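Bear in mind these aren't lab numbers, they're just calculated from the coordinates by the rules spelled out. Since the model is a prediction, treat every value here as computed from it, not as a measurement. For neighbour counting, all protein chains shown are included, and Cβ atoms are generated from backbone atoms with ideal geometry for every residue, glycine included.
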Amino acid sequence: MARSCNMNAAAYTQEILDELKHTLSMVKEEAAENLVEAILHANKIFVAGGGRSGFMAKAFVMRMMHIGLDAYVVGETVTPNLESEDLFIAGSGSGETESLVSMTEKAKNIGASIAAITTNPASTIGRLADHTIEIHAQAKADSASGKSIQPMGSLFEQALLLFYDALILRVMEKSDAHSDIMYGRHANLE
């Protein structure tokens, strides 16, 4: 998408929303549903991402905790050990982030189920994954692709957050969880 000149914030917002709608409409429903099933059947769920993708991971884990799932952000001091009955989810635009590749290889060696959410299913992380969700957005280093008016990996990171929120809604639906249970698990020391 070519950048338009002299757009105001409202016009940029509309362009971003249009990009997100288009990008997320291309996610394969069967792949998303398989990931929902993996989440529902996992003993524990571990989510990792670098940079802004890591922030999206934290938001996703928070919501999983709110609905009663045993979910963790990789790298936090209270994160337990990964075991073979667990699910490891890596959100990586490129699918080649060195630290995430290393984590994914270790999770694979442990025997955990692996999910990759990436722009590049042929990447190292994508090839290691049991479940791959392709987000049709530009990776951080692919800003010249024309897929977005936004810089770097912004479209991927925004789509990642919205996709994670959609997964939460689907998990809630399939597990008959209601939003009122979330308030009982929400932080109360704020």
Tell me, what ³J(HN,Hα) does each residue in segment 33-43 have, in order and in whole Hz, if you take phi through Karplus 6.51 cos²θ - 1.76 cosθ + 1.60 with θ = phi - 60° and put x for Gly and Pro?
5, 4, 5, 4, 4, 5, 4, 5, 9, 6, 5
At a threshold of 8 angstrom on Cα-Cα distance, excluding pairs fewer than six apart, so keeping six or more, what relative contact order does the chain reach in percent?
25
Return the FRET efficiency for the residue pair residue 174, residue 83: r is the Cβ-Cβ distance, R0 is 30 Å, and the value is rounded to the nearest 0.05.
0.80
To the nearest 20 debye, what is the magnitude of the charge dipole of the chain about its Cα centre, counting +1 on the Cβ of each Lys and Arg and -1 on the Cβ of each Asp and Glu?
400
If you take the charge dipole of the chain about its Cα centre, with +1 on Lys and Arg Cβ and -1 on Asp and Glu Cβ, which of 152, 109, 61 is farthest toward its positive end?
152
Per the Kirkwood treatment, what hydrodynamic radius in Å, one decimal, follows for segment 1-121 from the mean inverse distance over all distinct Cα pairs?
15.9
Provide, for segment 28-173, the number of lysine pairs with alpha carbons under 29 Å apart, each pair being eight or more places apart or on different chains.
15
